[in-house]
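Here the structure is laid out as structure tokens; the discussion comes afterwards.
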Amino acid sequence: MELPVIDLAPYLAIADAGNRESESTKRVSGLTELCHEVSRLLKETGALLVKDPRCTAEDNDRFIDMMEKYFEKPAEFKRLQERPFLHYQVGVTPEGVEVPRSLVDEEMQEKLRAMPKEHQPLTPKGPDPKWRYMWRVGPRPSKTRFQELNSEPVIPEGFPEWKETMDSWGYKMISAIEAVAEMAAIGFGLPKDAFTSLMKQHISATQVLSLSARNLLSFQIQGPHLLAPTGSDLKRYGQEGTVFAGYHYDLNFLTIHGRSRFPGLNIWLRNGQKIEVKVPIGCLLIQTGKQVRDMSTNFHCLMMMVLLVKWPANQVVCCS
């Protein structure tokens with residue numbers, strides 16, 4: 001099965017005209033059906049691909065180029081950006097820190113054993129062998145009970161383009177997910193701001209509708225947003241079948257992924273079918289998270305896993 005691609009351009013044309021009212025949207029030929037398709041895919045499969053003209057392949061490449069350059073650095077350099085006393089909410093998270101839920105959740109393990117063999121995820125041997133970088137996009141809240149979640153950003157030395165590149169790509173993905181959230185609301189017969197209005201509330205991360213990316217992006221319109229790309233050393237962990245990110249789900253509303261240069265992302269649809277995701281050039285992948293399931297039992301919380309498939313041995317870093 002291949003995920004369909006939803007072109008956001010027709011909907012964005014209305015936004016550019018300064019009119020996103022659902023009543024006007026319905027008058028545009030085919031746009032109502034497009035919104036219904038977005039809502040249907042999120043409900044029935046938990047995933048869809050989108051093409052946003054504001055998020056170009058060049059933007060994605062610029063971001064990936066910089067992150068590959070960073071993750072290729074020696075571990076001793078990267079650990080200078082490590083902030084364990086802030087629970088790794090800013091800066092770098094080294095390999096071996098993040099533990100996939102499937103490794104410790106006995107109830108989940110039981111469900112996995114009940115799956116058909118062809119759809120069962122690989123079982124990791126331990127913590128994920130990947131690095132991650134946490135970067136907050138946008139202003140921090142002036143008042144917060146969770147200071148460690150809103151600490152000053154960490155910029156690695158020797159990367160003068162860091163802040164501009166991270167913020168630019170982060171804001172572009174935020175814009176894409178906001179449009180999808182509006183289209184989904186219209187498709188469900190709700191006011192177009194049914195989801196985005198909740199995103200704008202100043203409430204805790206477990207209460208707010210949010211998003212994340214494999215370029216993981218935690219979404220709260222008027223609060224900080226989290227861009228959290230990951231990188232893995234293929235020279236060190238180059239064995240086919242290595243699990244870089246064990247079977248898990250995200251705690252947020254929606255997850256958005258930029259296109260990686262490496263294959264290996266597997267997702268599980270609502271019917272339990274496992275598929276390997278192929279993101280076309282210039283497109284983004286959007287998935288549902290746990291908050292969607294918490295909102296309604298009619299929704300599916302998409303599961304995912306990242307592993308190494310057959311790839312040339314001279315590649316050093318996998319950035320996603």
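Number of residues in the stretch 239-262 that are at pLDDT below 85 and not aromatic (Phe, Trp, Tyr): the value is 6. Scan the stretch 255-283 for residues that are over 13 Å from the mean Cα position of the chain (by Cα), buried (at least 17 other Cβ atoms within 10 Å of the Cβ) and among the polar types (S, T, N, Q) and the total you get is 1.
For the stretch 53-80, the tally of residues that are surrounded by 19 or more Cβ atoms within 10 Å (Cβ to Cβ) and under 30 Å from residue 1 (Cα atoms) stands at 4.
For residue 185, indicate whether it is surrounded by 14 or more Cβ atoms within 10 Å (Cβ to Cβ), hydrophobic (A, V, I, L, M, F, W, C), within 17 Å of residue 92 (Cβ to Cβ) and modelled with pLDDT of 85 or more.
Taking the combined requirement at face value, the residue does not satisfy it.
Considering (1) more than 30 Å from residue 11 (Cβ to Cβ); (2) within 22 Å of the chain's Cα centre (by Cα), the lone condition that residue 115 does not fulfil carries the number (2). Residues that are at pLDDT 95 or above, on the phi < 0 side of the Ramachandran plot and in a loop (DSSP other than H, G, I, E, B) were ranked within the stretch 145-165; the one that is surrounded by the most Cβ atoms within 10 Å (Cβ to Cβ) is 154.
Conditions (1) in a helix (DSSP H, G or I); (2) of a type in the set (D, E, K, R); (3) closer than 17 Å to residue 225 by Cβ, marked per residue:
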| residue | (1), (2), (3) |
| --- | --- |
| 110 | yes, yes, no |
| 118 | yes, yes, no |
| 123 | no, no, no |
| 127 | no, no, no |
| 134 | no, no, yes |
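Taken over the stretch 227-248, the criterion of being of a type in the set (Phe, Trp, Tyr) and surrounded by fewer than 21 Cβ atoms within 10 Å (Cβ to Cβ) is satisfied by 237 alone. Residue check: residue 55 meets all listed conditions (1) in a helix (DSSP H, G or I); (2) closer than 21 Å to residue 11 by Cα; (3) not hydroxyl-bearing (Ser, Thr, Tyr) but one, namely (1).
Every test in (1) part of a helix (DSSP H, G or I); (2) buried (at least 21 other Cβ atoms within 10 Å of the Cβ); (3) modelled with pLDDT of 95 or more is passed by residue 50 save one, and that test is (1).
Listed by first and then second residue, the pairs with beta-carbon distance under 8 Å, at least 6 apart or on different chains, first residue in the stretch 74-94 and aliphatic (A, V, I, L, M), second assigned to a helix (DSSP H, G or I) and at pLDDT 95 or above, are 92/78; 92/79; 92/81. Only a single criterion out of (1) exposed (fewer than 14 other Cβ atoms within 10 Å of the Cβ); (2) free of Cβ contacts under 8 Å to residues at least 12 places away in the same chain is not satisfied by residue 118, namely (2).
The values are calculated or read from the model by the stated rules, or taken from the named source; none is laboratory data. Keep in mind that what you see is a predicted model, and the values were worked out from it rather than measured. Methodologically, a virtual Cβ is constructed for each residue, glycine included, from the backbone with ideal geometry; neighbour enumeration extends over all protein chains shown.
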